[in-house]
1. With an 8 Å Cα cut-off and a minimum separation of 6 or more residues, compute the relative contact order for segment 58-105 in percent.
2. Just to confirm a number: summing +1 for Lys and Arg and -1 for Asp and Glu over residues other than ASP51 whose beta-carbon lies under 15 angstrom from that of ASP51, what do you get?
3. Of all DSSP beta bridges in segment 8-160, what percent run antiparallel (nearest 5)?
4. Show which aspartates and glutamates lie in cross-link reach of LYS152 when reach means a straight Cα distance below 14 angstrom and same-chain residues fewer than eight apart are skipped.
5. Could you work out how much longer the chain between MET12 and ARG104 gets when fully extended? Use 0.36 nm per residue separation minus the Cα distance between them, nm to one decimal.
6. So what's the back-of-envelope 222 nm ellipticity for the chain, counting only DSSP H runs of four-plus at -39500 (n - 2.57) apiece and dividing by all residues, rounded to 500?
7. Does segment 8-160 classify as rounded, prolate or oblate by the C-alpha gyration tensor (a ≥ b ≥ c root eigenvalues; a/c under 1.5 gives rounded; else a/b over b/c gives prolate, otherwise oblate)?
8. Can you list the lysines whose alpha carbon sits under 24 Å from that of LYS117, skipping same-chain ones fewer than 8 residues off?
Amino acid sequence: MGGNPLTLEGNMVKAGDMAQDFTVLAPDLSPVKLSDYNGKVRIISVVPSIDTPVCDTQTRQFNKEAASLPDVEILTVSCDLPFALGRFCGAAGIDKVHTCSDHRDLDFGHKYGFVIKELRLLSRGIVVVDKGGKVVYVEYVKEVTNLPDFEKALEAARKAC
């Protein structure tokens, strides 16, 4: 972060792995599981905090792209509190991306290798899971203040449809 090395905890995934189910929280505190969207292509957009400019841009970009991906579910996962995610979506008009909080258990973060040990936040990245539950694309962004490669992730999602 800002050129300073940080430690990622958890099990990093790679293309070809079967996606593990995980549980995170929706803005209304209801549980959300990856398996809730079985049979669909899923893009998991991972951000450290929705209240930062880069995370805001990443979430808005995927919300915009979601309209052109009718058979794809997009989940934005962070360690923000569910209430903060709900506030952000309302203020920003985010209506096509499911924002989810991993703050309680870091279930997603540990299963997918995105937990920043020093900060107890998630690192930035993208995971694309096909309809059969196989990971077809993963990006762990090297510098957390940079945006991910949207085009590569969207291309992988389109191919998986």
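1. Details: 56 pairs, mean separation 22.3, N = 48.
Relative contact order comes out at 47 percent.
2. On the way: positive: ARG60, ARG87, ARG124; negative: ASP56, ASP80.
Computed value for this residue: +1.
3. Working: 19 of 30 bridges.
Counting DSSP beta bridges with both partners in segment 8-160, the antiparallel share is about 65 percent.
4. Qualifying aspartates and glutamates at Cα under 14 Å: GLU65, GLU139.
5. On the way: separation 92, 0.36 × 92 = 33.12 nm, distance 2.00 nm.
Net length gain for the segment: 31.1 nm.
6. On the way: 4 runs with 42 residues, N = 161.
That calculation yields -8000 deg cm²/dmol at 222 nm.
7. Details: a/c = 1.26, a/b = 1.10, b/c = 1.15.
Taking the square roots of the gyration eigenvalues as a ≥ b ≥ c, segment 8-160 is rounded.
8. List returned: LYS14, LYS33, LYS142.
Only the coordinates and a few stated rules stand behind these numbers; no lab work does. Computed from a prediction, not measured in an experiment: that's the story for all the values here. Don't worry about glycine lacking a Cβ; one is built from the backbone with ideal geometry, like all the others, and counts go over all protein chains shown.
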